[in-house]
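Asker: Pasting a structure below so you can have a look.
Nothing in this text is a laboratory measurement; each read-out follows from the coordinates by a stated rule. On a predicted model such as this, the values are computed, not experimentally measured, just so you know. As a convention, Cβ positions derive from the backbone with ideal geometry for all residues, glycine included, and neighbour counts pool all protein chains shown.
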Amino acid sequence: MLRSYATTDIGQKRQLNQDFIYLSEGPIGNLPNVFIVADGMGGHNAGDFASRYAVETVAEEIEASFEKNPVKILGRAIEKANAVIRKRAREDVSYSGMGTTIVIATFIGRYLEVANVGDSRLYVVNERIRQITKDHSLVEEMVRMGGIDRASARNHPDKNIITRAIGARDHVEADFFNLELQAEDMVLLCSDGLTNMMDDETIHFILRRGGSLKDRVEELVRVANQNGGKDNISVIVIELSADEVEHD
């Protein structure tokens with residue numbers, strides 16, 4: 001069985017929480033479970049509207065889909081969310097330029113299906129921590145092209161410039177990942193309000209130490225705030241039992 005815990009926090013510097021989270025350990029449409037983190041951007045009220053509207057649209061589209069293929073289900077849901085946000089931005093000038101990142105996960109037996117747009121992340125945590133998603137950001141592109149190293153990217157002044165977002169263009173391109181999970185794996189979905197405030201090693205240490213799932217998630221948020229809390233912080237952690245992985 002899956003066990004999950006999620007929280008979202010405004011942080012120390014922002015006036016609004018523009019993140020939005022969603023989780024269902026039970027079936028939504030033809031998917032057995034759904035977990036989502038979105039990080040909105042835009043002017044006053046636009047970012048929080050974009051993230052909430054995108055997540056709600058994605059959830060509705062998943063529930064209504066007759067597709068069986070999870071990539072098609074998630075891909076079409078993301079495309080629909082992009083279309084409705086673009087339409088709303090054209091209709092209301094106060095929403096002009098709004099957009100949102102999104103990262104979505106669904107567990108199907110021992111396999112994990114992931115979709116992402118932007119720089120909200122998904123990690124798999126066990127003996128080590130692995131970032132599965134690839135940031136759609138200017139700095140990440142610079143790293144991939146060899147322009148800067150990973151250490152320099154962490155504090156680069158342009159690290160918050162993203163190259164893909166729901167609502168940014170008429171067509172949105174999501175990345176999809178499929179991986180086989182091992183017994184006792186944990187999966188972390190988070191906004192960059194977490195990962196900009198601590199390194200992967202600190203996240204790994206907190207998630208691997210003892211205590212309840214709730215305590216560990218709340219400790220991640222506490223440390224992010226202690227380190228500056230410069231952005232909204234959203235965290236979903238899912239634990240898998242051994243029998244969940246061993247039986248499809």
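Asker: How many nm separate the modelled label positions at residue 209 and residue 170, each set 7 Å beyond the Cα in the direction of the Cβ?
Answerer: 5.3
Asker: Got a sec? How would 78, 10 order by Cβ neighbour count within 10 Å, fewest to most?
Answerer: On the way: 78 24, 10 17.
Ordered by Cβ neighbours within 10 Å, fewest first: 10, 78.
Asker: So, by mean Cβ neighbours within 10 angstrom, what's the order for 190-197, 168-175 with the highest one leading? Let's see the in-between values first.
Answerer: On the way: 190-197: 24.5, 168-175: 15.1.
Ranked by mean Cβ neighbours within 10 Å, highest first: 190-197, 168-175.
Asker: Using only Cα positions of region 41-100, each an equal point scatterer, no hydration layer, compute I(q)/I(0) via Debye at q = 0.12 Å⁻¹ and quote the log10 values to two decimals.
Answerer: Rounded to two decimals, the profile gives -0.29.
Asker: For the chain, set up a Gaussian network in which alpha carbons nearer than 10 Å are linked by springs, and say which option among 57, 163, 106 fluctuates the most.
Answerer: 163
Asker: Go ahead and run the numbers for FRET between residue 67 and residue 1, Cβ-Cβ distance against an R0 of 30 Å, rounding to 0.05. Intermediate values should be presented prior to the final figure.
Answerer: Details: r = 25 Å, r/R0 = 0.84.
Once the sixth-power term is evaluated, E becomes 0.75.
Asker: Identify, among 171, 58, 69, the residue whose Cα sits farthest towards the positive end of the charge dipole of the chain, taking +1 on the Cβ of Lys and Arg and -1 on the Cβ of Asp and Glu, with the dipole about the Cα centre.
Answerer: Result: 171, furthest along the dipole toward the positive end.
Asker: For the chain, set up a Gaussian network in which alpha carbons nearer than 10 Å are linked by springs, and say which option among 233, 21, 162 fluctuates the most.
Answerer: 162
Asker: Over 30 Å between Cα atoms, which of 87/214; 13/80; 13/134 qualify? Write out the running numbers ahead of the final one.
Answerer: Values: 87/214 38 Å; 13/80 32 Å; 13/134 26 Å.
Long pairs (Cα-Cα over 30 Å): 87/214; 13/80.
Asker: Another question, if that's okay. When only DSSP loop residues count, what GluC sites (Glu not before Pro) in region 76-139 have their Cβ near at most 15 other Cβ atoms within 10 Å? Walk me through the numbers before you get to the answer.
Answerer: Numbers: sites: 79, 91, 113, 127; in loops: 127.
Answer by residue number: 127.
Asker: Which number comes out as Rg/Rh for the chain once both Rg and the Kirkwood Rh are worked out on C-alpha atoms? Before the final figure, lay out each step's value.
Answerer: Numbers: Rg = 17.2 Å, Rh = 18.1 Å.
Ratio value, two decimals: 0.95.
Asker: Still on this model: May I ask you to derive the relative contact order of the chain, considering only C-alpha pairs under 8 Å and at least 6 residues apart, and to give it as an integer percent? Working shown, then result.
Answerer: Numbers: 568 pairs, mean separation 66.5, N = 248.
With pairs under 8 Å counted, the relative contact order is 27 percent.
Asker: Now a separate question. Could you tell me how far the Cα centroid of region 86-119 sits from the Cα centroid of region 179-248, in Å?
Answerer: With region 179-248 and region 86-119 each reduced to a Cα centre, they are spaced 21 Å.
Asker: If neighbour count is taken as other Cβ atoms inside 10 Å, put 3, 128 in order from fewest to most.
Answerer: Values: 3 14, 128 10.
Starting with the residue having the fewest Cβ neighbours, the order is 128, 3.
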